[in-house]
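K.L.:
Got a structure for you, written out below as structure tokens; questions coming shortly.
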Amino acid sequence: MIELKNICFKKDNKIILDSINLKLEDEKFYCITGPNGSGKSTLAKIIMGIEQPTEGKIYLNGVDITDKSIDERAKMGIAFAFQQPVRFKGITVFDLLKFATSKNITRKDACEYLSKVGLCALEYVDREVNASLSGGELKRIEIATIIARNPSIAIFDEPEAGIDLWSFQNLNTVFKELGATSKGVTLVISHQERILDIADEIILLENGHITKTGTSKEMLDSLLCESKCCKKVIK
């Protein structure tokens, strides 16, 4: 479980997040959505430690991690998938999976992780994580590394960004399985209806404030209705 208490974040004298109070419980799939510029990605980065809050505290299973570094948080079980996954020239997919797990995994183990995200393992396990891979392939490989880590907190920042429809359909299937099997917290920043639909809870962020929370059944109809006028949610 991770809890945010009175989180505020300012940058260049502009308030990005204001008095965020949020508790995310284990074995639940959460989606944070809202208009562009509402602070969604900033909130995700604050949980990971990429950004530091101006005010407030963050607790992981009751432990104050507000001043912990990214590396320290990663060792404590927090994982982060970027909108644009990083490419690593000279590093193979197998190397990346071994690094992610911090274990001496076998090629068979690596192939099983790749298969879970819809990649033909034999075609990818020895490929370099470089420009030869498409955005959708990189996204799925990054998700495979997170599955391999089995973190207590898994954060995905707009996983649909920059990928084709076919890759997105496969990613959505992966998220369904992840939400059903994960023992920790799964948190996805997204506008996509098909991702919002599988969430246990949707959190609406507007102008740096949490304005509404509820189950997908409670929230989705009203969000889609609003999107027809202000495009808050994209099908």
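K.L.:
Could you tell me which of the residues N172, N207 is polar (S, T, N, Q) and out of contact with any Ser or Thr (no Cβ under 7 Å at 6 or more places or on another chain)?
P.N.:
N172
K.L.:
Moving on to the next point. Starting from residues that are modelled with pLDDT of 90 or more and within 16 Å of R149 (Cα to Cα), keep the ones in the range 78-94 and report whichever is surrounded by the fewest Cβ atoms within 10 Å (Cβ to Cβ).
P.N.:
Within the range 78-94, the match that is surrounded by the fewest Cβ atoms within 10 Å (Cβ to Cβ) is F94.
K.L.:
Now for a separate question. Here is a list of conditions, (1) farther than 30 Å from G37 by Cα; (2) surrounded by 15 or more Cβ atoms within 10 Å (Cβ to Cβ); (3) among the charged types (D, E, K, R), and K108 meets all of them except one; can you say which number that is?
P.N.:
Here K108 clears every test but (2).
K.L.:
Which of the strands (runs of 3 or more DSSP E) contained wholly in the range 46-107 include at least 2 residues that are of a type in the set (V, I, T) and closer than 19 Å to V129 by Cβ?
P.N.:
88-92
K.L.:
Still on this structure, please answer the following. What is the one condition in (1) part of a loop (DSSP other than H, G, I, E, B); (2) more than 21 Å from I198 (Cα to Cα) that T42 does not satisfy?
P.N.:
Result: T42 passes all but (1).
K.L.:
Hey, N150 hits all of (1) crowded, with 16+ Cβ neighbours inside 10 Å; (2) within 15 Å of L178 (Cβ to Cβ); (3) without any contact (Cβ under 8 Å) to a residue 60 or more places away in the chain but one; which does it fall short on?
P.N.:
Tallying (1) crowded, with 16+ Cβ neighbours inside 10 Å; (2) within 15 Å of L178 (Cβ to Cβ); (3) without any contact (Cβ under 8 Å) to a residue 60 or more places away in the chain, N150 fails exactly one: (1).
K.L.:
Determine if the range 53-76 includes at least one residue that is surrounded by fewer than 16 Cβ atoms within 10 Å (Cβ to Cβ), modelled with pLDDT under 90, within 26 Å of I32 (Cβ to Cβ) and small (G, A, S).
P.N.:
Checked the range 53-76: no residue is surrounded by fewer than 16 Cβ atoms within 10 Å (Cβ to Cβ), modelled with pLDDT under 90, within 26 Å of I32 (Cβ to Cβ) and small (G, A, S).
K.L.:
Scan the range 111-128 and give yes if some residue there is among the basic types (K, R) and touching a strand residue (DSSP E or B) at 6+ places or on another chain (Cβ under 9 Å), otherwise no. Give the steps one after another, and end with the answer.
P.N.:
Filtering the range 111-128 for residues among the basic types (K, R) gives 116, 127.
Subset that is touching a strand residue (DSSP E or B) at 6+ places or on another chain (Cβ under 9 Å): 127.
Yes, some residue in the range 111-128 is among the basic types (K, R) and touching a strand residue (DSSP E or B) at 6+ places or on another chain (Cβ under 9 Å).
The values are calculated or read from the model by the stated rules, or taken from the named source; none is laboratory data. The structure presented is a predicted model; accordingly, all values stated were derived computationally and were not measured. Here Cβ is always computed from backbone atoms with ideal geometry, including for glycine, and neighbour counts include all displayed protein chains.
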